[in-house]
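So the structure is just underneath, and the comments pick up after that.
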Amino acid sequence: MHNEILRDQDYIHRLKDAIYEQYGIAVAEITPAERGYYGETWKVRADSDFFLKLDYLPSHQKKFQQSLSVIDYLCESGIDFVGKIIKTRGNKLFSKFDTAVMGLFEWVDGKNVETDQTKSTEYQMLCKIYLLTKPGMEIPTASFSDDVAKCFYQQWEMLKSAPKTEANCAVLSIFDRFKEEISHCASRLSYFAGLCQQDESAFYLTHGDAGGNFFVGHGRNYILDWDEAMYAPLERDAWVMGCYDWARKLFNDTLKAYKIPYQLRPERLAFYCYYMYFFYLGEYLTVHWISDKSQNITEYFENGWIKNRIKFADTI
């Protein structure tokens, strides 16, 4: 969502005061930092530079808080590529500002440069995370369910009865154009959910979008934004490139090199292709009520990246 809501100087002044009160950091300047999808993100300039994230979305705040505990655990375990949290004066991982949950991090001066060539490094970094999987962390556990599709259809019905704005009509029009594709994916998701429910073993600590948050800066590599950390099968991290033979082989070879006793399962890859198809649609609609996402939804159906994953899943 970035900083799509314009903030006046009074807001910025209050934010500076809150950072000093909560963290003891005297802020010289706050400027927008266009990173991440949810909430407001800022670059904070003081004696050092910091990354500030404010999550105002009630449905997402718990995930954000839980992710901070995961990052803290990984850092304490020797992982130095997930971003370091700045704790409050009271040694807490987050604080509050207005109705938002606020998290402060060391600034990572880098860019998202995901390519086919970065996948080898990304998979190696993920394997280091998988090896640190432990039970008991307060994060969600994945389930092989088609509820995400049912939720999308509910959102679709709500949109039909919403005010007929230009943005809403544009979204409804695109859904109508692709209703057969949507129905097909829902049916396939239900099938693979049932198939995968027969074996729900071998879950690990997963990121969910490591490639989209793979940053390189000053010769160092990072995987940032752990908001969606979850106990899940490794296909949750592998599905997005799983439509390519070379990527599946690379993922499996990397698991073997790190002595992780797992190989990607076709039925789980298919499940995640269909599951994430609806997940992203649902995320777009959730944020659409706050800011117009009609163009994003149109591009989602038309630009082809998700279609390659669905075509692959249709072969399984």
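Checked against (1) in a loop (DSSP other than H, G, I, E, B); (2) open to solvent by less than 60 Å² (accessible area, probe 1.4 Å); (3) modelled with pLDDT of 95 or more; (4) over 16 Å from residue 226 (Cβ atoms), residue 18 passes all but a single condition, namely (1).
Residue check: is residue 27 buried (at least 18 other Cβ atoms within 10 Å of the Cβ), touching a Cys at 6+ places or on another chain (Cβ under 8 Å), of a type in the set (A, V, I, L, M) and in a loop (DSSP other than H, G, I, E, B)?
Judged against the criteria, residue 27 is not a match.
Looking only at region 94-130, residues that are aromatic (Phe, Trp, Tyr) and in a loop (DSSP other than H, G, I, E, B) come to 2 in all.
Any chance you could count how many residues in region 186-201 are among the polar types (S, T, N, Q), in a helix (DSSP H, G or I) and in contact (Cβ under 8 Å) with a residue 24 or more places away in the chain?
First pass over region 186-201, keeping only residues among the polar types (S, T, N, Q): 187, 190, 197-198, 201.
Those still in the list that are in a helix (DSSP H, G or I) too: 187, 190.
In the following step, the residues that additionally are in contact (Cβ under 8 Å) with a residue 24 or more places away in the chain were identified as 190.
The total comes to 1.
Here residue 287 fulfils each of the conditions (1) among the β-branched types (Val, Ile, Thr); (2) more than 22 Å from residue 118 (Cα to Cα); (3) modelled with pLDDT of 95 or more; (4) surrounded by 16 or more Cβ atoms within 10 Å (Cβ to Cβ) apart from (3). Could you look through region 111-140, keep only residues that are surrounded by 15 or more Cβ atoms within 10 Å (Cβ to Cβ) and among the basic types (Lys, Arg), and pick out the one that is nearest to the chain's Cα centre (by Cα)? So the residue we want is 119. Here is the figure for region 208-227: residues that are surrounded by fewer than 18 Cβ atoms within 10 Å (Cβ to Cβ) and under 17 Å from residue 75 (Cβ atoms) total 2.
Can you pull out every residue in region 290-316 that is hydrophobic (A, V, I, L, M, F, W, C) and open to solvent by 10 Å² or more (accessible area, probe 1.4 Å)?
Narrowing region 290-316 to residues hydrophobic (A, V, I, L, M, F, W, C): 290, 297, 301, 305-306, 310, 312-313, 316.
Within region 290-316, 290, 305, 310, 312, 316 qualify.
What are the residues in region 141-161 that are surrounded by 14 or more Cβ atoms within 10 Å (Cβ to Cβ) and in a loop (DSSP other than H, G, I, E, B), if any? Passing the criteria: 142, 144, 145, 146. Each residue in region 209-234 was checked for being touching a Lys or Arg at 6+ places or on another chain (Cβ under 6 Å) and under 20 Å from residue 283 (Cα atoms), and 1 pass. Being surrounded by fewer than 17 Cβ atoms within 10 Å (Cβ to Cβ) and modelled with pLDDT of 95 or more is a description that applies to residue 244. Which ones in region 128-165 are in contact with a Lys or Arg (Cβ under 9 Å, 6 or more places away or on another chain) and of a type in the set (A, V, I, L, M, F, W, C)? Across region 128-165, the qualifying residues are 131, 139, 142, 144. The set of residues in region 30-71 that are open to solvent by less than 50 Å² (accessible area, probe 1.4 Å) and within 19 Å of residue 138 (Cα to Cα) comprises 55, 60, 61, 64, 66, 67, 68, 70, 71. Screening residue 97 against (1) of a type in the set (Phe, Trp, Tyr); (2) open to solvent by 20 Å² or more (accessible area, probe 1.4 Å); (3) touching a helix residue (DSSP H, G or I) at 6+ places or on another chain (Cβ under 6 Å); (4) touching a residue at least 60 places away in the same chain (Cβ under 8 Å) leaves a single unmet condition, (2).
The residue of region 21-41 that is nearest to residue 293 (Cα to Cα), among those that are at pLDDT 95 or above and hydrophobic (A, V, I, L, M, F, W, C), is 30.
Total residues in region 55-72 satisfying the condition of being touching a Leu at 6+ places or on another chain (Cβ under 8 Å) and over 23 Å from residue 216 (Cβ atoms): the figure is 4.
The values are calculated or read from the model by the stated rules, or taken from the named source; none is laboratory data. Just so you know, these numbers come straight off a predicted model, no measurement behind them. Note: ideal-geometry Cβ built from the backbone for every residue, glycine included; neighbour counts use all protein chains shown. Just so you know, the surface numbers come from the protein's heavy atoms only, side chains and all, with ligands and any DNA or RNA stripped out. Shrake-Rupley method; radii C 1.70, N 1.55, O 1.52, S 1.80 Å.
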